[in-house]
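Data first, discussion second: the structure below is written as structure tokens.
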């Protein structure tokens, strides 16, 4: 299963959620197109960068002699901004840059091959690849097939409202009289029905239909995947109509544990090496740089 695809916070709230606060320019990326770093002269905005690593837990430096001489990564080409084909036809995206950063941190050579999403676990099981960095969701079902590194990304659920109606906080009481649009049959709809029972829920067949209803004023809010909503807000099709309202929702039961790098079951040497590299990438600030490059509007 693939992971379900500005100044939001005060610094105190960001710290409480384990977020780093950084500054970046927010480019005007086209809807659905990967953002390009430094593509805008817009004023700098404060972006909350999520941190998934416990500062009190410092993985020991691995023995790289136990790691393959060359780590063979596999990824996909249809999941922007995580992995896609760049204008030059080469793999690009957040996942691709993360793989490069990991290899630099471990001082090992790496290769990266693009395969269909359905072939990722098969490539690992068949020995054709050592690690898959492709938006694989960490779930009980996927853990039966592969082992995972520590989480390196999680897309929260977010509310979006028209700019004139943006609220600094979202609680069931505050939005009890509102109409909320959501995609039918999703975890986001289930979450609303379980925790926001007082709101009027309007289910739509697609995320685009829900967003269009928000633009037309047919609903007061839309609830959905933070990454998808961030790209829409930062793209031309939103018409600069709307913005995030309130903070992120990250309940694992509904929205998953996040993304991890998949390795073959039992390959603890590589998994522990990846965990060390990921922790170092966070410690050195390289993770923040990558996050700001690919998520300039932020999703938290």
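The values are calculated or read from the model by the stated rules, or taken from the named source; none is laboratory data. Source: prediction; values computed, not measured. FYI the Cβ positions are ideal-geometry reconstructions off the backbone, even for glycines, and counts take in every protein chain you see.
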Fill in the blank from the handout: Scanning segment 125-166 residue by residue, the ones that are outside any loop (DSSP other than H, G, I, E, B), touching a helix residue (DSSP H, G or I) at 6+ places or on another chain (Cβ under 7 Å) and under 24 Å from residue 110 (Cα atoms) total 4
Practice task
Answer yes if at least one residue in segment 212-219 is surrounded by fewer than 23 Cβ atoms within 10 Å (Cβ to Cβ), more than 21 Å from residue 298 (Cβ to Cβ) and in contact with a helix residue (DSSP H, G or I) (Cβ under 8 Å, 6 or more places away or on another chain), and no otherwise.
Solution key: yes
Practice task
Kindly establish whether residue 162 is over 22 Å from the mean Cα position of the chain (by Cα), buried (at least 16 other Cβ atoms within 10 Å of the Cβ) and at pLDDT 95 or above.
Solution key: yes
Problem - Test: residue 224 is buried (at least 22 other Cβ atoms within 10 Å of the Cβ) and more than 28 Å from residue 52 (Cβ to Cβ) - result: no
Handout entry: Selection status of residue 169, assigned to a loop (DSSP other than H, G, I, E, B) and assigned by TED's automatic domain parsing to the domain that holds residue 228
Key = yes
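The rows are residues; the columns are (1) buried (at least 18 other Cβ atoms within 10 Å of the Cβ); (2) touching a strand residue (DSSP E or B) at 6+ places or on another chain (Cβ under 8 Å); (3) part of a helix (DSSP H, G or I).
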| position | (1), (2), (3) |
| --- | --- |
| 65 | no, no, yes |
| 68 | no, no, no |
| 74 | yes, yes, no |
| 81 | yes, no, no |
| 84 | yes, yes, no |
| 95 | yes, yes, yes |
| 98 | yes, no, yes |
| 101 | yes, no, yes |
Fill in the blank from the handout: Residue pairs within 6 Å by beta carbon, gap of at least six or interchain, first lying in segment 205-220 and in a loop (DSSP other than H, G, I, E, B), second modelled with pLDDT of 95 or more, listed first then second, are 219/179; 219/181; 219/202; 219/213; 220/178; 220/179
Fill in the blank from the handout: Within segment 273-300, the residues that are closer than 19 Å to residue 58 by Cα and either surrounded by 24 or more Cβ atoms within 10 Å (Cβ to Cβ) or touching a helix residue (DSSP H, G or I) at 6+ places or on another chain (Cβ under 9 Å) (or both) are 273, 274, 276, 277, 278, 280, 281, 282, 284, 286, 287, 288
